[in-house]
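The next block holds one structure in the form of structure tokens; read it before the comments.
The values are calculated or read from the model by the stated rules, or taken from the named source; none is laboratory data. Only a predicted model underlies this, so the values are computations on that prediction, with no experimental measurement involved. Here the Cβ positions follow ideal geometry from the backbone for every residue, glycine too, while neighbour counts run over all protein chains shown.
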């Protein structure tokens, strides 16, 4: 456009003066015989060319408008174009920087979310505590009791637990959580998580074995009532020791009591035909299958050979 403009001006600045009236007489202008042709060309000028022509003046102060002034206008237009191009480039650069920053921020946010999720998953897999099924148990020497322990939360990865006792002379505990009462006294058994070292304790009280049923019972019903009461009041998992005055029969009261307390076993000493016998009836044994006339006799149980009821002569 600038080259076209310079050609037009070189062809006749006088025509421009006539056409626009903006280059009037304070300065000298020069023209040639092509002014008519130049005026015809003015009709075809675009807006930028027209604007450039209107900006012509004596820029160098030499008293006329000549090619130097055209060059000055061209320079100004070039500088303006370069400035506009620089602004556009700067805007593109800023837009690209903003785009990259937005992408980096999105990536940073995604990384933070992933880290947060990973921390939550890791936290859910870490042991935060431990629990036991019971915090207190009462036994007699020889009795056993199973405690159950577990870690918190349920999603914890390391579920390892170990057990220990504060006094093995009173009670011991194995790796599966089975407590065995040894002697009268008290102690604590402790469950400890392998991860984190969390602990939970169960207090163990070992009491003396209950007193034996009185041998002075005159009537069978009186002895059986006292023995039944001992079964009902027995500690969990207890073996009740009984001494009968003779070979008797369990009545319905005792049979129902044993059904009510399937965790209780019996150890019964009784005389028969001049000898002493000891009968062991395991916990949970069903006496109802041995009933005859609503009762179960010691002698009929002594004859059972099922590997559960054991009777032996002691003297």
Test residue 153 against the stated conditions and say whether it is surrounded by 14 or more Cβ atoms within 10 Å (Cβ to Cβ) and at pLDDT below 90.
no
Just the residues that are touching a helix residue (DSSP H, G or I) at 6+ places or on another chain (Cβ under 7 Å) and touching a residue at least 24 places away in the same chain (Cβ under 8 Å), please, taken from the stretch 292-303.
294, 296
Being more than 20 Å from residue 226 (Cβ to Cβ) and either in contact with a strand residue (DSSP E or B) (Cβ under 8 Å, 6 or more places away or on another chain) or modelled with pLDDT of 90 or more (or both) narrows it down to one residue among 252, 302, 244; which is it?
302
Considering only residues that are without any contact (Cβ under 8 Å) to a residue 40 or more places away in the chain and farther than 16 Å from residue 220 by Cβ, which ones fall in the stretch 267-278?
267, 273, 274, 276, 277, 278
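Which of the following residues is at pLDDT 90 or above, touching a strand residue (DSSP E or B) at 6+ places or on another chain (Cβ under 8 Å) and under 24 Å from residue 255 (Cβ atoms): 175, 234, 191?
None of the other options fit; the residue is 234.
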Does any residue of the stretch 189-199 turn out to be under 30 Å from the mean Cα position of the chain (by Cα), loosely packed, with under 11 Cβ neighbours inside 10 Å, farther than 30 Å from residue 240 by Cα and without any contact (Cβ under 8 Å) to a residue 40 or more places away in the chain?
yes
